[in-house]
Amino acid sequence: MKIVVCIKQVPARDSLLRVDPSSAWIQETDLSYEINEPDAYALEEGLQLKEKHSGEVVVLCAGSARATQTIREALAKGADRAIHIEEEKLSAFDPLSLARLMAAALHAEKPDLVLTGLQSDDLGYGQTGVILAEILGLPHATIIMQVEKQDGAIRVKRELEDGWFQHVEMPLPALLTIQSGINKLRYATLMGSKKARNTELKRLPAAEWGVTAQESIRFARVYLPEKTKHTQILDGSPKEAAAKLVEKLKFEARVL
(Lines give C-alpha, C1' and ligand atoms only; values in the text may rest on other atoms or scores of the structure.)
Protein backbone atom coordinates (compact mmCIF):
# COMPACT_ATOMS: atom_id res chain seq x y z
CA MET A 1 0.00 0.00 0.00
CA LYS A 2 1.57 3.25 -1.14
CA ILE A 3 0.52 6.24 0.97
CA VAL A 4 1.46 9.81 0.05
CA VAL A 5 1.21 12.37 2.85
CA CYS A 6 1.17 16.04 1.85
CA ILE A 7 2.78 18.27 4.45
CA LYS A 8 3.44 21.99 4.76
CA GLN A 9 5.94 24.03 6.74
CA VAL A 10 4.25 26.83 8.69
CA PRO A 11 5.31 29.42 11.29
CA ALA A 12 5.66 27.88 14.75
CA ARG A 13 2.83 28.70 17.11
CA ASP A 14 5.14 30.27 19.69
CA SER A 15 6.80 32.56 17.13
CA LEU A 16 6.89 36.30 17.70
CA LEU A 17 4.28 37.75 15.35
CA ARG A 18 4.75 41.26 14.04
CA VAL A 19 2.96 42.83 11.11
CA ASP A 20 5.12 43.56 8.07
CA PRO A 21 5.53 47.28 7.20
CA SER A 22 3.45 46.67 4.07
CA SER A 23 0.57 45.45 6.30
CA ALA A 24 0.06 42.61 3.82
CA TRP A 25 1.52 39.80 5.98
CA ILE A 26 3.71 39.18 9.02
CA GLN A 27 7.47 39.68 9.25
CA GLU A 28 8.95 36.34 8.28
CA THR A 29 12.42 37.23 9.58
CA ASP A 30 11.07 36.91 13.14
CA LEU A 31 9.62 33.45 12.65
CA SER A 32 10.67 29.93 13.44
CA TYR A 33 9.03 27.10 11.48
CA GLU A 34 7.54 23.66 12.07
CA ILE A 35 5.34 21.06 10.39
CA ASN A 36 1.70 22.07 10.05
CA GLU A 37 -0.10 20.39 12.97
CA PRO A 38 -3.00 18.84 10.98
CA ASP A 39 -0.41 17.47 8.53
CA ALA A 40 1.47 15.93 11.45
CA TYR A 41 -1.68 13.96 12.30
CA ALA A 42 -2.03 12.94 8.64
CA LEU A 43 1.56 11.68 8.72
CA GLU A 44 0.94 9.71 11.90
CA GLU A 45 -2.16 8.11 10.38
CA GLY A 46 -0.16 7.17 7.29
CA LEU A 47 2.59 5.61 9.40
CA GLN A 48 0.10 3.61 11.45
CA LEU A 49 -1.62 2.30 8.30
CA LYS A 50 1.78 1.24 6.94
CA GLU A 51 2.63 -0.57 10.16
CA LYS A 52 -0.71 -2.48 10.04
CA HIS A 53 -0.85 -3.29 6.33
CA SER A 54 2.79 -2.86 5.09
CA GLY A 55 3.79 -0.69 2.13
CA GLU A 56 5.50 2.68 2.12
CA VAL A 57 4.83 6.28 3.15
CA VAL A 58 6.01 9.02 0.81
CA VAL A 59 6.06 12.63 2.01
CA LEU A 60 5.27 15.42 -0.45
CA CYS A 61 6.14 19.00 0.49
CA ALA A 62 6.18 22.19 -1.57
CA GLY A 63 8.23 25.14 -0.38
CA SER A 64 11.56 26.88 -0.24
CA ALA A 65 14.88 25.33 0.77
CA ARG A 66 13.88 26.05 4.37
CA ALA A 67 11.22 23.31 4.13
CA THR A 68 13.97 20.66 4.07
CA GLN A 69 14.01 20.79 7.87
CA THR A 70 10.35 19.81 8.06
CA ILE A 71 10.81 17.07 5.45
CA ARG A 72 13.71 15.58 7.43
CA GLU A 73 11.52 15.59 10.54
CA ALA A 74 8.86 13.57 8.70
CA LEU A 75 11.52 11.09 7.53
CA ALA A 76 12.85 10.80 11.07
CA LYS A 77 9.40 9.80 12.29
CA GLY A 78 9.25 6.92 9.82
CA ALA A 79 8.42 8.09 6.30
CA ASP A 80 10.26 6.06 3.66
CA ARG A 81 10.81 8.66 0.95
CA ALA A 82 10.27 12.36 0.36
CA ILE A 83 9.54 14.60 -2.62
CA HIS A 84 10.39 18.28 -2.31
CA ILE A 85 8.77 20.64 -4.82
CA GLU A 86 11.19 23.54 -4.74
CA GLU A 87 9.42 26.89 -4.91
CA GLU A 88 10.80 29.95 -3.15
CA LYS A 89 7.62 32.01 -3.60
CA LEU A 90 5.02 29.49 -2.48
CA SER A 91 2.89 32.25 -0.93
CA ALA A 92 2.06 33.42 -4.45
CA PHE A 93 0.22 30.14 -5.15
CA ASP A 94 -3.47 29.99 -4.29
CA PRO A 95 -5.06 26.61 -3.36
CA LEU A 96 -5.91 25.82 -7.00
CA SER A 97 -2.46 26.48 -8.45
CA LEU A 98 -0.78 24.73 -5.51
CA ALA A 99 -3.02 21.68 -6.01
CA ARG A 100 -2.09 21.63 -9.71
CA LEU A 101 1.58 21.72 -8.74
CA MET A 102 1.19 18.83 -6.30
CA ALA A 103 -0.91 16.81 -8.76
CA ALA A 104 1.86 17.10 -11.35
CA ALA A 105 4.38 15.78 -8.84
CA LEU A 106 2.09 12.88 -7.88
CA HIS A 107 1.38 11.79 -11.44
CA ALA A 108 4.27 9.32 -11.54
CA GLU A 109 3.70 7.99 -8.00
CA LYS A 110 0.21 6.50 -8.49
CA PRO A 111 -0.52 6.22 -4.74
CA ASP A 112 -3.23 4.04 -3.23
CA LEU A 113 -4.05 6.69 -0.64
CA VAL A 114 -3.29 10.41 -0.37
CA LEU A 115 -3.52 12.05 3.06
CA THR A 116 -3.48 15.76 3.86
CA GLY A 117 -4.22 17.76 6.97
CA LEU A 118 -7.67 19.30 7.21
CA GLN A 119 -6.22 22.79 6.77
CA SER A 120 -3.04 24.78 7.30
CA ASP A 121 -2.33 26.65 10.53
CA ASP A 122 -1.14 29.78 8.74
CA LEU A 123 -3.82 30.38 6.07
CA GLY A 124 -6.53 27.90 7.01
CA TYR A 125 -8.28 27.71 3.64
CA GLY A 126 -9.05 24.00 3.97
CA GLN A 127 -9.30 23.76 0.18
CA THR A 128 -6.03 22.39 -1.20
CA GLY A 129 -6.74 18.75 -0.33
CA VAL A 130 -10.20 18.57 -1.91
CA ILE A 131 -9.05 20.47 -5.02
CA LEU A 132 -6.12 18.06 -5.34
CA ALA A 133 -8.57 15.13 -5.20
CA GLU A 134 -10.65 16.68 -7.98
CA ILE A 135 -7.61 17.23 -10.20
CA LEU A 136 -6.39 13.67 -9.61
CA GLY A 137 -9.89 12.30 -10.20
CA LEU A 138 -9.98 10.59 -6.79
CA PRO A 139 -12.91 10.08 -4.42
CA HIS A 140 -12.33 12.05 -1.25
CA ALA A 141 -13.67 12.62 2.25
CA THR A 142 -12.90 15.35 4.79
CA ILE A 143 -12.61 15.76 8.56
CA ILE A 144 -11.52 12.14 9.01
CA MET A 145 -11.32 10.71 12.53
CA GLN A 146 -10.72 7.02 11.73
CA VAL A 147 -9.53 4.95 8.77
CA GLU A 148 -10.04 1.19 8.34
CA LYS A 149 -8.56 -0.61 5.35
CA GLN A 150 -10.74 -3.21 3.66
CA ASP A 151 -10.27 -5.37 0.58
CA GLY A 152 -9.63 -2.79 -2.16
CA ALA A 153 -11.42 -0.10 -0.19
CA ILE A 154 -11.44 1.88 3.05
CA ARG A 155 -14.06 2.72 5.65
CA VAL A 156 -13.71 6.14 7.24
CA LYS A 157 -15.32 7.99 10.14
CA ARG A 158 -16.09 11.66 9.49
CA GLU A 159 -16.69 14.25 12.19
CA LEU A 160 -19.88 16.26 11.73
CA GLU A 161 -21.51 18.98 13.83
CA ASP A 162 -22.92 18.66 17.36
CA GLY A 163 -21.14 15.40 18.18
CA TRP A 164 -22.44 13.50 15.13
CA PHE A 165 -20.28 11.22 12.99
CA GLN A 166 -20.66 9.71 9.53
CA HIS A 167 -19.23 6.37 8.36
CA VAL A 168 -18.41 6.13 4.66
CA GLU A 169 -17.01 3.29 2.55
CA MET A 170 -14.77 4.40 -0.33
CA PRO A 171 -12.89 2.60 -3.11
CA LEU A 172 -9.13 2.95 -3.46
CA PRO A 173 -7.28 4.99 -4.57
CA ALA A 174 -8.72 7.88 -2.57
CA LEU A 175 -7.79 11.12 -0.81
CA LEU A 176 -8.58 12.00 2.81
CA THR A 177 -8.15 15.21 4.78
CA ILE A 178 -7.33 14.32 8.39
CA GLN A 179 -8.71 16.03 11.48
CA SER A 180 -6.32 16.99 14.27
CA GLY A 181 -6.50 14.68 17.28
CA ILE A 182 -7.21 11.51 15.28
CA ASN A 183 -4.27 9.80 17.00
CA LYS A 184 -1.33 10.39 19.31
CA LEU A 185 1.70 11.91 17.60
CA ARG A 186 5.02 10.09 17.89
CA TYR A 187 8.44 11.60 18.46
CA ALA A 188 11.34 11.10 16.10
CA THR A 189 13.84 8.54 17.41
CA LEU A 190 17.59 9.01 17.45
CA MET A 191 18.00 6.26 14.86
CA GLY A 192 15.23 7.80 12.77
CA SER A 193 16.93 11.20 12.83
CA LYS A 194 20.22 9.65 11.78
CA LYS A 195 18.56 7.79 8.92
CA ALA A 196 16.72 10.94 7.82
CA ARG A 197 19.97 12.88 7.49
CA ASN A 198 21.28 10.27 5.06
CA THR A 199 18.08 9.84 3.04
CA GLU A 200 18.27 11.45 -0.38
CA LEU A 201 15.42 13.82 -1.18
CA LYS A 202 13.81 13.86 -4.59
CA ARG A 203 13.95 17.53 -5.52
CA LEU A 204 11.66 18.78 -8.28
CA PRO A 205 11.76 22.44 -9.36
CA ALA A 206 8.24 23.85 -9.53
CA ALA A 207 8.99 25.42 -12.93
CA GLU A 208 9.40 21.92 -14.39
CA TRP A 209 5.64 21.53 -14.93
CA GLY A 210 4.85 25.02 -16.13
CA VAL A 211 2.28 25.65 -13.36
CA THR A 212 2.15 29.39 -12.77
CA ALA A 213 1.24 31.12 -9.53
CA GLN A 214 -2.21 32.65 -9.32
CA GLU A 215 -3.34 35.42 -6.99
CA SER A 216 -7.06 34.79 -6.85
CA ILE A 217 -6.86 35.54 -3.11
CA ARG A 218 -5.21 38.72 -1.88
CA PHE A 219 -4.81 40.11 1.63
CA ALA A 220 -5.99 43.70 1.89
CA ARG A 221 -4.57 44.31 5.37
CA VAL A 222 -3.14 42.33 8.27
CA TYR A 223 -3.48 43.97 11.67
CA LEU A 224 -3.65 43.18 15.37
CA PRO A 225 -7.10 42.88 16.95
CA GLU A 226 -8.30 46.18 18.33
CA LYS A 227 -9.11 46.17 22.04
CA THR A 228 -12.05 48.32 23.10
CA LYS A 229 -14.12 48.68 26.26
CA HIS A 230 -17.86 49.11 26.24
CA THR A 231 -20.26 49.34 29.15
CA GLN A 232 -23.96 48.55 28.97
CA ILE A 233 -26.59 49.13 31.64
CA LEU A 234 -29.32 46.49 31.64
CA ASP A 235 -32.65 47.98 32.69
CA GLY A 236 -35.57 46.21 34.35
CA SER A 237 -36.00 43.98 37.35
CA PRO A 238 -33.17 41.69 38.48
CA LYS A 239 -34.91 38.77 36.75
CA GLU A 240 -35.28 40.71 33.48
CA ALA A 241 -31.68 42.01 33.66
CA ALA A 242 -30.38 38.49 34.28
CA ALA A 243 -32.29 37.16 31.23
CA LYS A 244 -30.86 39.96 29.06
CA LEU A 245 -27.35 39.25 30.39
CA VAL A 246 -27.61 35.53 29.56
CA GLU A 247 -28.84 36.38 26.05
CA LYS A 248 -25.89 38.71 25.43
CA LEU A 249 -23.38 36.19 26.79
CA LYS A 250 -24.89 33.55 24.48
CA PHE A 251 -25.32 35.42 21.22
CA GLU A 252 -22.94 38.41 21.41
CA ALA A 253 -20.01 37.33 23.58
CA ARG A 254 -20.58 33.64 22.67
CA VAL A 255 -19.12 32.39 25.95
CA LEU A 256 -22.09 30.23 26.95
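The values are calculated or read from the model by the stated rules, or taken from the named source; none is laboratory data. Computed from a predicted structure; not experimentally measured. Please note: Cβ atoms are built from the backbone with ideal geometry, for glycine as well, and neighbour counts cover all protein chains shown.
Here Asp122 clears all of (1) crowded, with 18+ Cβ neighbours inside 10 Å; (2) touching a Pro at 6+ places or on another chain (Cβ under 7 Å) except the condition numbered (1).
Between Phe219, Phe251, the distinction of being under 30 Å from Gln127 (Cβ atoms), surrounded by 10 or more Cβ atoms within 10 Å (Cβ to Cβ) and of a type outside the set (A, V, I, L, M) belongs to Phe219 only.
Answer yes or no as to whether Glu200 is modelled with pLDDT under 90, touching a helix residue (DSSP H, G or I) at 6+ places or on another chain (Cβ under 8 Å) and exposed (fewer than 14 other Cβ atoms within 10 Å of the Cβ). Answer is no for this residue. Looking at this structure, is Gln146 part of a strand (DSSP E or B) and free of Cβ contacts under 8 Å to residues at least 24 places away in the same chain? Answer is no for this residue.
Matching residues to (1) among the small types (Gly, Ala, Ser); (2) assigned to a helix (DSSP H, G or I); (3) on the phi > 0 side of the Ramachandran plot:
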site: Ala133; (1), (2), (3): yes, yes, no
site: Ala141; (1), (2), (3): yes, no, no
site: Arg158; (1), (2), (3): no, no, no
site: Gln166; (1), (2), (3): no, no, no
site: Gly181; (1), (2), (3): yes, no, yes
site: Arg197; (1), (2), (3): no, yes, no
site: Ala213; (1), (2), (3): yes, no, no
site: Ile233; (1), (2), (3): no, no, no
